[in-house]
Amino acid sequence: MSIEKLVRKELTGEIRRSATRRRVAAAPGTISLAAGDPNFLLPDYIAKTVYDAICEGKTHYCFGGEPTLRDALVKYYSKYGYEAQPGQIAITGGGSQSLFQAYAAILNSGEEGITFDPAYGGGRRPLGFFGVKTVYADMKKTDGQFRPDLEALKEAISPKTKSLYIDNPGNPSGAVFTKEELKGIADLAVDHDFVVVSDETYSEFCWDGTKHEALITYPGMENRTIVCMAFTKMYSWAGMRTGWIVSGPEMAPYVGRAPGSAVSWPIQLGAVKAMTDGYEYVVAIKKEYEERIDYGVKRLNEMPGVSCKKPEGAFYLFPDITGTTLSSNDFVLKLAEEEAVRIVSGAGYGPGAAEGHVRLSMIRPLSTQKMPGWFKNEPDTCFEAAMDRVERFVKKYQK
Ligand SMILES: Cc1ncc(COP(=O)(O)O)c(C=O)c1O
């Protein structure tokens, strides 16, 4: 019997775990800066809201989603200048589910979906599932920062183009798309009649005065932008699996029709509490992230063969390691094996435009930071210790 004959054709060949993950999973004393799973613990008042909801019997169906959550999300997104109606919000089981549901609403087999390189892989992975070809447009590197390249995007467009995925702010690029870049993207989407799946998961995390702009507000974009959001990063609750989608009034019924995962009712009520009373917490975690980013950028730039631009947004460092003798993949594998630090290769964020870069996620506390976290800020496991190990490693492999 061949299992491949029994399962969905698009899925065969897709089942693989990253080589780095396999090889380093068991290394003792490993400090991970790999996953984008923020370390902060949820404030008690949100956890208590979830607990109280369970005790009050809110453990039944919540058809159509918790209405007060839709209201809170409409209010939240209005800060980006877009006034949605509650019916334009879909509540999902996290950012990945938001993306899958967005694509499920629009894609037909045989079409093409464009993604930038580098970009978050979750923005392209669902395409194959729908029988849609992934087409890449390289970002361009300007002054050490990857930016969307509108010329490369134009070249990637064909009569079959149905979607463009953007992650803004970008993981791993750290780019916050400018008004001009978004205008250029909007003009191309309107001219060539495609949909932009706008992943704004990191919209809260903008540094040094950069500002997140909402593509859905641009002329002609209201019904051709599907905004995908998650609580994962904003409230540091990756394991609670909660996300949401905003789309225009004509698009929203189709997004709603696509089968999605339901979110448990008590967690939706926790999300309402977070949205109404939790912003101080978001401000506090942003402060800690920026301290880590500033520290990490400084340390990396002091290392021979490495240069690192401060990201404009999100919470990843994406240094250039071409001054070492290693490729991105070898850097990641050897760092894991020789110094037990896990990071991610830039080469995995597309066919290779970000070869020569690696991604470090700012999920470890500095030893001086005090917010309650999942990882302890003990001297030998805190962010400083990870950077000491990276420095020792880089010195061995500098050109
Ligand atoms: C840009 C982006 N979108 C979506 C996600 C997925 O979010 P979730 O964990 O809520 O599925 C991630 C996770 O790293 C991400 O970086």
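One table, with the values for the structure above:
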{"quantity": "Per residue value of the accessible surface for the stretch 55-177 (all protein chains in place, 1.4 Å probe), Å²", "calculated": "40"}
{"quantity": "Per DSSP, loop GluC sites (Glu not before Pro) in the stretch 253-317 with at most 13 further Cβ within 10 Å", "calculated": "302"}
{"quantity": "The chain: calculated mean residue ellipticity at 222 nm from DSSP helix runs of at least 4, using -39500 (n - 2.57)", "calculated": "-10500 deg cm²/dmol"}
{"quantity": "Excluding exposed DSSP-loop chymotrypsin sites (Phe, Trp or Tyr not before Pro) (at most 10 other C-beta within 10 Å), longest clean stretch of the chain", "calculated": "64-399"}
{"quantity": "Under Karplus coefficients 6.51, -1.76 and 1.60, residue-wise ³J(HN,Hα) of the stretch 216-224 in Hz, glycine/proline x", "calculated": "4, 7, 7, x, x, 9, 4, 9, 10"}
{"quantity": "Per residue, in Å², the accessible surface of the stretch 198-310 once ligands and nucleic acids are set aside, probe 1.4 Å", "calculated": "37"}
{"quantity": "Links that overshoot a 23 Å alpha carbon limit, given the list 298/396; 133/211; 79/233; 183/287", "calculated": "133/211; 183/287"}
{"quantity": "Share antiparallel - DSSP beta bridges, the chain, percent rounded to 5", "calculated": "50"}
{"quantity": "Gaussian network model of the chain, Cα within-10 Å springs - most flexible of 56, 339, 83", "calculated": "56"}
{"quantity": "P(r) tail fraction, the stretch 60-277 - alpha-carbon pairs more than 21 Å apart, %", "calculated": "50"}
{"quantity": "Carbon/sulfur fraction of accessible area - the chain, other protein chains in place, 1.4 Å, %", "calculated": "53"}
{"quantity": "Cα-derived Rg over Rh, computed across the stretch 74-180 with Rh taken as Kirkwood radius", "calculated": "0.99"}
{"quantity": "Heavy atoms of residue 236: accessible area, 1.4 Å probe, square angstrom to 10", "calculated": "10"}
{"quantity": "Amide hydrogen neighbours beyond the local backbone of residue 195, cut-off 5 Å, H modeled", "calculated": "163, 164"}
{"quantity": "Set of aspartates and glutamates with alpha-carbon distance to residue 309 below 13 Å, sequence-local pairs under 8 removed", "calculated": "143, 208, 294, 320"}
{"quantity": "Amide H partners (placed H, <5 Å) of residue 140, local residues excluded", "calculated": "147, 149"}
{"quantity": "Per residue value of the accessible surface for the stretch 339-399 (all protein chains in place, 1.4 Å probe), Å²", "calculated": "44"}
{"quantity": "The stretch 365-396: trypsin sites (Lys or Arg not before Pro) in DSSP coil with no more than 16 other Cβ atoms inside 10 Å", "calculated": "370, 376"}
{"quantity": "Calculated on alpha-carbon atoms, Rg and Dmax of the chain in Å", "calculated": "21.0, 63"}
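The values are calculated or read from the model by the stated rules, or taken from the named source; none is laboratory data. This is a predicted model, so every value here is computed, not measured. Note that each Cβ is placed from the backbone with ideal geometry, even for glycine, and that neighbours are counted across all protein chains shown. Remember, those area values only see protein heavy atoms, side chains included, never the ligands or the DNA or RNA. Shrake-Rupley method; radii C 1.70, N 1.55, O 1.52, S 1.80 Å.
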